[in-house]
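K.L.:
Structure in structure tokens, see below.
The values are calculated or read from the model by the stated rules, or taken from the named source; none is laboratory data. These figures come from a predicted structure and were not determined experimentally. Cβ atoms come from the backbone with ideal geometry, glycine included; neighbour counts cover every protein chain shown.
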Amino acid sequence: MIQSAAKIIFNTRITGQSFHMGVLSPVLSRESKPGQFVTIKTGDTQDPLLRRPFSIHRVRKNQIEIFYEVVGKGSKHLSQKKTGEFLDVIGPLGNGFSLGDSSGEIPGPIILIGGGMGVAPLVFLAECLKNRKKPGLKQKIIVLIGARTKSHIHCANDFKEIGCEVKIATDDGSCGFHGRITVLFEELLNKKFSLGADNIYACGPVPMMKALCLISGKHNLQTQISLESHMSCGFGACLGCVVNTRSGYKRVCKEGPVFQAEEVIWS
């Protein structure tokens, strides 16, 4: 865990209340892994008091990037920050995604499933999966993106540039499949889509994660999920982000945010 004064390289509104920010921090960029997160002091005073957690969206050379949505006071403060200002950043925090063994081979196609802002950490994951492939290894990466409407779809072009096949589902049918992303996922499974073990990675809101775990359990698939949770400290001291698992309560910020789907007990 590193505390860094990170210089803002850019802080750009993408659409509506969604922003893309890059900060310069060689040490954080060097140590960060897909699925981990940082906490940021968003204000210049004690209001807001608590840091805000943000998943690591991308790592490029000496900078890390986050992709966030303005939903409250902390993120609103962050959206008003200017290029050249410095942020107090702590990270990388939590346990990230397991990328398989050192050979670079993962059985079958790799499936990434993101709902809403949950697509953000999957871009970093997709880049790392692509970069670790052995020469000549033809491994397919398929990304399923779920959103409320067409205007809420994020990062689709980023995944395409990486070389992923992208499928989209919107609740209102304004783009791609008409319905929830979990329904699209199960339709693919029911069509006997070829899936191997340990090749499904997902991040999104709790209802989506719960539905996804039920589907993956029914099909006996080993799936890694990144859970979203409100956090106070971000490094395991306050016990404010616990989740019930088959081996007892675990902290999303410390033992997570990534868990095996079969571990989590949903209420």
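K.L.:
K167 - would you say it is without any contact (Cβ under 8 Å) to a residue 40 or more places away in the chain, closer than 21 Å to A120 by Cα and in a helix (DSSP H, G or I)?
P.N.:
Criteria not met by K167.
K.L.:
Something else now. Please go through the stretch 26-35 and give me each residue that is crowded, with 23+ Cβ neighbours inside 10 Å and more than 13 Å from C128 (Cα to Cα), ordered by number.
P.N.:
Answer for the stretch 26-35, where residues must be crowded, with 23+ Cβ neighbours inside 10 Å and more than 13 Å from C128 (Cα to Cα): just L28.
K.L.:
Now a separate question. Please find, among V38, V23, the residue that is in contact with a Gly (Cβ under 8 Å, 6 or more places away or on another chain) and either modelled with pLDDT of 95 or more or crowded, with 18+ Cβ neighbours inside 10 Å (or both).
P.N.:
That would be V38, the only listed residue that is in contact with a Gly (Cβ under 8 Å, 6 or more places away or on another chain) and either modelled with pLDDT of 95 or more or crowded, with 18+ Cβ neighbours inside 10 Å (or both).
K.L.:
From (1) under 19 Å from I110 (Cα atoms); (2) touching a residue at least 60 places away in the same chain (Cβ under 8 Å); (3) not hydrophobic (A, V, I, L, M, F, W, C), pick out the condition that doesn't hold for S216.
P.N.:
(2)
K.L.:
Also, I was wondering about something else. Within the group S174, S194, which residue is modelled with pLDDT of 95 or more, among the polar types (S, T, N, Q) and part of a loop (DSSP other than H, G, I, E, B)?
P.N.:
S174
K.L.:
Of the numbered conditions (1) touching a Gly at 6+ places or on another chain (Cβ under 6 Å); (2) within 16 Å of G115 (Cα to Cα); (3) modelled with pLDDT under 95, C253 fails exactly one; give the number of that condition.
P.N.:
Here C253 meets the rest and fails (2).
K.L.:
Check K250, K254 and return the single one that is under 26 Å from I2 (Cα atoms), in contact with an Asp or Glu (Cβ under 9 Å, 6 or more places away or on another chain) and not hydrophobic (A, V, I, L, M, F, W, C).
P.N.:
One residue alone meets the criteria, K250.
K.L.:
Return only the number of the condition from (1) farther than 18 Å from V119 by Cβ; (2) in contact with a strand residue (DSSP E or B) (Cβ under 9 Å, 6 or more places away or on another chain) that L49 does not satisfy.
P.N.:
Here L49 clears every test but (2).
K.L.:
Still on this model: Going through E161, E228, E165 one at a time, which residue ends up being charged (D, E, K, R) and within 30 Å of M1 (Cβ to Cβ)?
P.N.:
That would be E228, the only listed residue that is charged (D, E, K, R) and within 30 Å of M1 (Cβ to Cβ).
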